[in-house]
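Take a look at the structure below.
The values are calculated or read from the model by the stated rules, or taken from the named source; none is laboratory data. Quick caveat, the model's predicted, so the values are computed rather than measured. Glycine gets a Cβ as well: all are built from the backbone with ideal geometry, and neighbour counts include every protein chain shown.
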Amino acid sequence: MKIDGKTKVFAVFGQSTAHSMSPIIHNASFRNLGINCIFIGLSSPSDKLDIAFAGMQTLGIKGAAIILPYKVEAMKYCTDVDLMAKQIGAINTICFKDDERIIGYNTDAQGAAKAILNVSSIKDKNILMLGAGGAAKAIGFQMGVEKAKSLTIANKTFEKAFELSDQISDIFEHRIKTFATGISKEELTQTLFNTDILINTTSIGMNSNETIITADMLRQDMVVFDIVYTPYKTRLIQDAEKVGAKIVHGADMLIYQAMEQERIWLRVKPSFEVMKQYLMKQLNSDIRIKSV
Ligand code: ATR
C-alpha cells in the first residue's frame with residue numbers, strides 16, 4: 001500500500017479504539033480498491049471532544065467512524081446531520097467536507113437490515129429486540145423503516161425499553177406496534193412464543209459464554225441475530241444453530257455498515273468478501289492469542 005503526501009486519512013474515533021476491527025476491514029478494502037487511503041484509530045477523553053473534532057478537521061481527516069461512547073455526543077460537533085440519523089438520535093459516521101461542513105450519518109441501521117435481509121424478510125414480522133441502548137435505537141428504528149409488524153423491546157432497565165418503544169411508535173405514527181418488557185425468563189418466553197426475528201443488541205455474550213435466551217426458548221422457524229461478533233459464534237448463535245434456526249452474525253452487520261461508510265466517504269463499491277476475509281482472520285488470531 002503506497003502512503004505518500006496525498007494519502008487520504010480516515011479514522012475510527014472513540015474513547016478507546018485499540019481493539020476496534022474497523023481499521024482491519026477498511027484498510028483491507030482500501031487495498032483491494034487500489035485507492036490511496038489509510039484508516040487509523042484515534043482516541044480522545046470525553047472532556048476534550050471539541051479539540052479532537054477541530055483537530056481532525058484542521059488536519060484534513062476525511063472521515064471518521066464514531067464508536068462508544070460518543071455516538072450521541074458527536075452530533076453536537078456536526079454542522080449537518082442526516083435526517084435518518086437525527087430520527088435515530090445517534091451517528092456512527094462523520095464526513096469532513098472540503099467546504100468545512102461536518103456531516104453526521106448513521107449506517108448501523110442499514111447494516112443491521114442488510115444482514116437480516118440476507119436470510120429473511122422483515123416486513124410483517126414480529127421482532128423481539130433485547131436491549132435499549134445506542135445500537136437498539138438504530139436497529140429498532142430500522143425495523144419501522146422495513147415495515148415490521150411489531151417490535152417488542154426487552155431491557156434490564158424497563159423504563160428505557162418503554163421510552164424507546166414509545167419513541168419508535170411516534171416516529172412511525174403507530175404503523176408498527178411496539179411493546180416494552182423486562183428480561184425475566186417468564187417475560188421473554190411469553191414474547192418468544194410469537195417472535196419471528198430475535199435480535200440481541202446488548203453486550204451479553206461478548207467475550208463470554210453468557211446468554212439470557214437459552215436453547216429451550218428458541219425454535220427452528222425463528223431468525224436469530226446477535227450483533228455481538230466477539231466471538232464470531234456467540235453462545236446465543238450456537239444455541240440457535242443447535243435448534244436449526246436461521247442465524248445472522250454480528251460480523252455481517254459490522255461489514256455492511258462499514259461498506260455504507262465507504263460509499264458515503266468515497267463513493268466507492270467495497271467488497272463484502274474482502275472485508276469478511278480479513279475480519280475472520282483477525283477474529284481467529286484473537287482466539288489463538290487468548291488460548292495461548
Ligand atoms: P450500545 O451503544 O452498544 O447499545 P449501551 O448504550 O451501553 O451500548 O447499551 C447497552 C444495552 O445492553 C442496554 O440496553 C443495557 O441494559 P440497561 O439499559 O438496563 O443498562 C444492556 N445490557 C448490558 N449488559 C447487560 C446485562 N448483563 N444484562 C442485561 N442487559 C444488559
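Quick notes on this structure:
- Taken over segment 135-153, residues that are out of contact with any Gly (no Cβ under 7 Å at 6 or more places or on another chain), under 19 Å from ILE212 (Cβ atoms) and not β-branched (Val, Ile, Thr) amount to 3.
- Any hit, segment 184-191, residues being over 27 Å from ALA64 (Cβ atoms), among the acidic types (Asp, Glu) and either without any contact (Cβ under 8 Å) to a residue 60 or more places away in the chain or in contact with a helix residue (DSSP H, G or I) (Cβ under 8 Å, 6 or more places away or on another chain) (or both): yes
- Reported count of residues in segment 1-39, each being outside any helix (DSSP H, G or I) and without any contact (Cβ under 8 Å) to a residue 40 or more places away in the chain, is 14.
- Condition broken by ALA54, with the remaining ones in (1) more than 23 Å from the chain's Cα centre (by Cα); (2) within 21 Å of LEU266 (Cα to Cα) satisfied: (2)
- Condition check for SER184: surrounded by fewer than 19 Cβ atoms within 10 Å (Cβ to Cβ) and of a type in the set (Ser, Thr, Tyr): yes
- Pairs, first under 13 Å from ASN200 (Cβ atoms) in segment 216-228, second part of a loop (DSSP other than H, G, I, E, B) and within 16 Å of the ligand (Cβ to nearest atom), C-beta under 8 Å, six or more apart: ASP226/GLY205; ASP226/THR234; ILE227/THR201; VAL228/SER203; VAL228/ILE204; VAL228/GLY205; VAL228/MET206; VAL228/THR234
- Complete set of residues in segment 40-81 that are among the polar types (S, T, N, Q) and either loosely packed, with under 15 Cβ neighbours inside 10 Å or without any contact (Cβ under 8 Å) to a residue 40 or more places away in the chain (or both): SER43, SER44, SER46, THR58, THR79
- Cβ-Cβ distances below 7 Å connect the following pairs, each with a first residue in segment 98-122 that is of a type in the set (D, E, K, R), a second residue that is at pLDDT below 95, and a separation of six or more residues or different chains: ASP108/ALA135.
- Filter pass, GLU163 being within 11 Å of the ligand (Cβ to nearest atom), in a helix (DSSP H, G or I), at pLDDT 95 or above and touching a strand residue (DSSP E or B) at 6+ places or on another chain (Cβ under 9 Å): yes
- Inclusion of LEU279 among residues that are in a helix (DSSP H, G or I) and touching a residue at least 60 places away in the same chain (Cβ under 8 Å) is warranted.
- Qualifying strands (runs of 3 or more DSSP E) (wholly inside segment 76-150; at least 2 residues being away from the ligand (no atom under 16 Å from the Cβ)): 93-96, 102-105
- Among residues of segment 217-260 being among the aromatic types (Phe, Trp, Tyr) and not in a strand (DSSP E or B), the one that is surrounded by the most Cβ atoms within 10 Å (Cβ to Cβ) is TYR256.
- Of the residues screened, SER22 is not one that is at pLDDT below 95, touching a Leu at 6+ places or on another chain (Cβ under 9 Å) and not aromatic (Phe, Trp, Tyr).
- Unmet criterion (only one of (1) buried (at least 20 other Cβ atoms within 10 Å of the Cβ); (2) of a type in the set (A, V, I, L, M); (3) out of contact with any helix residue (DSSP H, G or I) (no Cβ under 7 Å at 6 or more places or on another chain)) for MET206: (1)
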